[in-house]
């Protein structure tokens, strides 16, 4: 999938086609067979163009919508399988699974497992049965009163409840322990997106009033304002955007919690397509009242999405647009992590390089897939190009340079129907398969950011809040990103930092996003060695966060503590405590 703010008026024209259907078949002329010499040269060129620093391990390789007819051959080559359920086919009548469809899915899974393949699952929530649209707030509504064709997973508790029941029935019939990874989407769409149409989909009754609202979500924070109209400050619009993107984080977390309770212990692949809206362009949109409603309207603001994920355990930042011709299909570089997430330098980067940089910020592994054939048709000649400048060579080079954990070729059928050849795929990845570790059934948790003894000690600690506005978690205040932030739901709140170990603290730095206007907040700083008994370190006072830097620094004699607590109130702009960075230093 391509999703780039530079081409915002063109995106979503083919969104419906990007939902992967295993029945899709495209007739193509048989491509001329590549000679062994050509394949060898292709692999060599990929190798020479890969990241200058060899990755610690190469990606696992797979295909999307893997055919059972080719599973045995692909299993011998070490290729992973992926297949997808279809909710409408599985549960045509509420509460009753189709025995024939269940048998088909069991048969397909058995074929992959007999071939020795690890299997990734698509839940198929984007294909709901018709009865789902009879429940409350089943469809999204945009600011113009238009309703979506997609099911409303972000705001409707009734839709989520129906989906949770479906997942429970399926998991009982086909245990989730069979799967190495599960793809997570927004539910209604085949990727992590709101509906298209150049609008914002946050105006159904559940979203506006809170009645029937999905658990963990808060109502539209400014229900009388419509994107594209004047009357709000940039800071207010930024708050609204964070709430809107936070809805995708909430539905992601709901899926993870639901699947975990059903016994799943593998990886979660968050399917995020394209470049989306980059930070500097988002600031421009906010200044213009969100009048350009394409990529931001579908929720594709990936730096915010990944910053606000409440739980990143076992999450793979999954890029469904590898080698989509953005950024010249450039490779990741060893110096990428030194570039700030707010730097406009990255506007010229490819979508894969951009999302990989975001993933590295939050210590997430990365995975992905290439755009499928015909998705869009304008890339078809690039897709079928078997040279070193074609899609396959480019995608493999990017996957290796960005240290992917897993890559899937989209789609399996086109490696067997004459569009491309399976031998081209295996020969191209051959230099990057030796020494690849066997994927574990139970992945380890993502690492946390590290800090030296003289650096920001908050990065290795954990932050909690006494109250939080949905979509603005406390973790946003110690993720090393000044562009993401925590916001309270009430007018007063405490933000508590639990250090990894007791340490002398002599300096505290508090930040808000740099592009916000000036505002003040009243803050008291307390310290504790046990989290129960507190001592006032800095008495309550009003501090001004000045536009441009939006930074307040408090220094004093070092005091050894295990906990630091900020008691915040009196935000003269938002009316609720806000903080983007809560940093703690020994000196």
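Rule-based calculations on the coordinates, nothing more; no lab input. Model, not experiment: these values are computed from the prediction. Glycine gets a Cβ as well: all are built from the backbone with ideal geometry, and neighbour counts include every protein chain shown.
Observations on the structure shown:
- Rough spin-label spacing in nm, given labels placed 7 Å along Cα→Cβ, for residue 177 and residue 337: 3.6 nm
- Across the alpha-carbon atoms of segment 171-291, the computed radius of gyration and Dmax are 16.9, 53 angstrom.
- Ranking of 537, 512 by count of other Cβ atoms within 10 Å, fewest first: 537, 512
- Residue separation of residue 265 and residue 490 scaled by 0.36 nm, minus their Cα-Cα distance, works out to 77.5 nm of gained length.
- For the chain, the relative contact order comes to 16 percent (Cα pairs under 8 Å, sequence separation of at least 6).
- Helical contribution to [θ] at 222 nm, DSSP H n ≥ 4, -39,500 (n - 2.57), averaged over the chain, rounded to 500: -7000 deg cm²/dmol
- Maximal additional length on extending the residue 287-residue 417 stretch stands at 41.8 nm, based on 0.36 nm per residue less the C-alpha distance.
- Sorting 318, 244, 563 from the fewest to the most surrounding beta carbons within 10 angstrom yields 563, 244, 318.
- When the P(r) of segment 110-164 is calculated, the portion above 14 Å amounts to 60% of the C-alpha pairs.
- In this rough spin-label picture, where each label sits 7 Å from Cα along the Cβ direction, the residue 110-residue 387 distance is 4.8 nm.
- Along principal axes, Cα extents of segment 333-442, largest first, whole Å: 44, 36, 23
- Computed from Cα atoms, the angle from the helix 157-173 axis to the main principal axis of the chain rounds to 50 degrees.
- Largest-first principal axis extents, alpha carbons of segment 457-585, Å: 35, 28, 24
- The orientation-averaged projected area of the convex hull spanned by the Cα atoms of segment 67-151 comes to 7.2 nm².
- Using equal-weight Cα scatterers in the Debye expression, the normalised intensity of the chain in log10 at q = 0.07 Å⁻¹ is -0.42.
- Taking 0.36 nm per residue of separation and subtracting the Cα-Cα distance, full extension of the segment from residue 101 to residue 205 would add 33.9 nm.
- The C-alpha atoms of the chain define a longest principal axis, and helix 351-361 lies at about 50 degrees to it.
- An ellipsoid equivalent to segment 97-191, defined through the eigenvalues of its Cα gyration tensor, has semi-axes of 30, 14, 11 Å when rounded to whole angstrom and sorted largest first.
- Acute angle (nearest 10 degrees) that the helix 36-49 long axis makes with the longest principal axis of the chain, alpha-carbon atoms: 10 degrees
- Stokes-Einstein D in µm²/s, Kirkwood radius over Cα pairs - segment 360-400 at 25 °C with 0.890 mPa s viscosity: 215 µm²/s
- Extending 7 Å from the Cα toward the beta-carbon at both residue 547 and residue 222 defines two label points whose distance is 1.5 nm.
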